[in-house]
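The values are calculated or read from the model by the stated rules, or taken from the named source; none is laboratory data. Computed from a prediction, not measured in an experiment: that's the story for all the values here. Methodologically, a virtual Cβ is constructed for each residue, glycine included, from the backbone with ideal geometry; neighbour enumeration extends over all protein chains shown.
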Amino acid sequence: MAQDEPQLRRELEDLRKRVEELERNRPADEGSREAPAGELTPFWKREPTDQPAPLRGVYDKPFLASLWRRAFIGGYTELEYHSFEDGTLGIAEGFRMRRTNLFLYADIFDRVSFGSEIEFETEFEDPPSSGIEVAVEMAFVDWKLFEEFKIRGGAILVPLGRINVNHDGPVRELTDRPLVSTFVIPTTLTEAGIGAYGSFALGSSLSLSYEAYAVNGFALLDESGVLAVDVSEKEQLLREGRQSLGGDINGGVASTGRIAIQLPARMELGGSWHVGTYDERGDNFLTILAVDGAYVRDVGPIKLGLEGEAAVADFERDATARTAGVPDRFWGFYVQGSIGGMPAFLRETLPVAFGDEGAIFQVVFRWDWVDLDGDEGEALEPGITFRPVSDTIFKLSYRLSQKSIGLRGVPGTTHFDDEGIIFSLSSYF
């Protein structure tokens, strides 16, 4: 054996040199984010994500291209059609190029990364216009110390519920966001702050994740006792009370976060909170609590999905807040189920339309309910979706309004303006 050692060492050295040369000369892998320095990755080599849509987070995005091995760009776009107009929900009648969002991510160092999303959204005005609102939906720096502990700071998508961090058009099966995720949790909710997040393994199949941040909080009531909205439009209070990223209404610091248990690629259950003062004097607290869940499963060629979210917002009210008209409580929930697949005869007879990987039809149904301090809203929405590929979706649904927000105190109301046909096309790029 001693006589063979020099020969073995020479063979191992030759093998090492061959591997290094192959690594230097190999082309970028299929699906890899890496590309030769200074070049864009072709669209057919972009990296797919295997995480089911209801379970995705801020990093589960399909990116179009990589730049200089460290920067990644992409985005998504949405075209919508509504057969009705609803000012309460900010819905315009007819076709609307709703939004185009751009992602820019970068690996600064092995353990430091940057993530951002810039939104270009068409404003809803009466009469309609082509005004564009530009907003930073997130822009943060992550410092990974351990898988169980990572620091994040910047403009953070608040982990209040699941929809707020998982609101991209291509991942949702219905066009409009749920009522509870619009008025009780004012999605999209972005706040400046800093905190930590991470995950722990719980045995071989379960994991626990957490996020916890210190942020500015809401701005609902100024020092002179004036609400952020007109008293007649209190359903918009939390949406209008989202602060800018440039500062706080008072010296208090709000706390927000989420804890979730996950079964990888199958199920997630989460609970979240947002607690902080909402008035300029810092005398009254707003507490928002939410629970959410999502479950996906493949049964042969059939895909099943179930998801939902419930939230309650409690407003502490002193004499000034009561006089100003601050409400007592908002709460609501949604439940959504889906079933889908691709019939084999469609793949076989028209593969150019239905034969691509990820092509699927789905039937979906959602039940929405909110109670905004006595102003109730309820909607039933059946729909059908088609994905020619996993990152592009056509959606068609019909909203049936059982109760309409804004009609409190209007006796005998039987006609609702917020129901009708909804269509949209959304795609990552």
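Within segment 341-383, how many residues are of a type in the set (S, T, N, Q) and modelled with pLDDT of 95 or more? Walk me through it before giving the result.
Of all residues in segment 341-383, those of a type in the set (S, T, N, Q) come to 349, 362.
Adding the requirement that they be modelled with pLDDT of 95 or more leaves 362.
Of the residues in that region, 1 qualify.
Mind listing just one residue for me: the one in segment 309-333 that is over 15 Å from residue 289 (Cα atoms) and touching a helix residue (DSSP H, G or I) at 6+ places or on another chain (Cβ under 7 Å) and, of those, surrounded by the most Cβ atoms within 10 Å (Cβ to Cβ)? Here the answer is 327. Remark: pairs (first residue in segment 49-69, within 23 Å of residue 198 (Cβ to Cβ); second residue small (Gly, Ala, Ser) and modelled with pLDDT under 75; Cβ separation under 9 Å; 6+ apart in sequence or on different chains) = 60/53. Please verify whether segment 348-355 includes one or more residues that are hydrophobic (A, V, I, L, M, F, W, C), touching a residue at least 24 places away in the same chain (Cβ under 8 Å), surrounded by fewer than 17 Cβ atoms within 10 Å (Cβ to Cβ) and closer than 29 Å to residue 419 by Cα. No: zero hits. Among the conditions (1) without any contact (Cβ under 8 Å) to a residue 60 or more places away in the chain; (2) of a type in the set (Ser, Thr, Tyr); (3) assigned to a loop (DSSP other than H, G, I, E, B); (4) surrounded by 16 or more Cβ atoms within 10 Å (Cβ to Cβ), the only one that residue 209 does not satisfy is (3).
Give segment 143-165 a look and list any residue that's part of a loop (DSSP other than H, G, I, E, B) and crowded, with 22+ Cβ neighbours inside 10 Å, or say none.
So the first thing to find is which residues in segment 143-165 are part of a loop (DSSP other than H, G, I, E, B), and the list is 147-148, 158-162.
Once the filter is applied, which keeps residues that are part of a loop (DSSP other than H, G, I, E, B) and crowded, with 22+ Cβ neighbours inside 10 Å, segment 143-165 yields 158, 159, 160, 161, 162.
Identify, please: which residue in segment 228-238 is at pLDDT below 95 and either in contact with a helix residue (DSSP H, G or I) (Cβ under 8 Å, 6 or more places away or on another chain) or surrounded by fewer than 16 Cβ atoms within 10 Å (Cβ to Cβ) (or both) and is, among those, farthest from residue 377 (Cα to Cα)? Within segment 228-238, the match that is farthest from residue 377 (Cα to Cα) is 228.
Please find, within segment 117-138, the residue that is modelled with the lowest pLDDT out of those that are buried (at least 17 other Cβ atoms within 10 Å of the Cβ) and more than 14 Å from residue 169 (Cβ to Cβ).
Among residues in segment 117-138 that are buried (at least 17 other Cβ atoms within 10 Å of the Cβ) and more than 14 Å from residue 169 (Cβ to Cβ), the one modelled with the lowest pLDDT is 124.
Within segment 356-375, being in a strand (DSSP E or B) and farther than 20 Å from residue 420 by Cβ holds for 360, 361, 362, 371, 372, 375.
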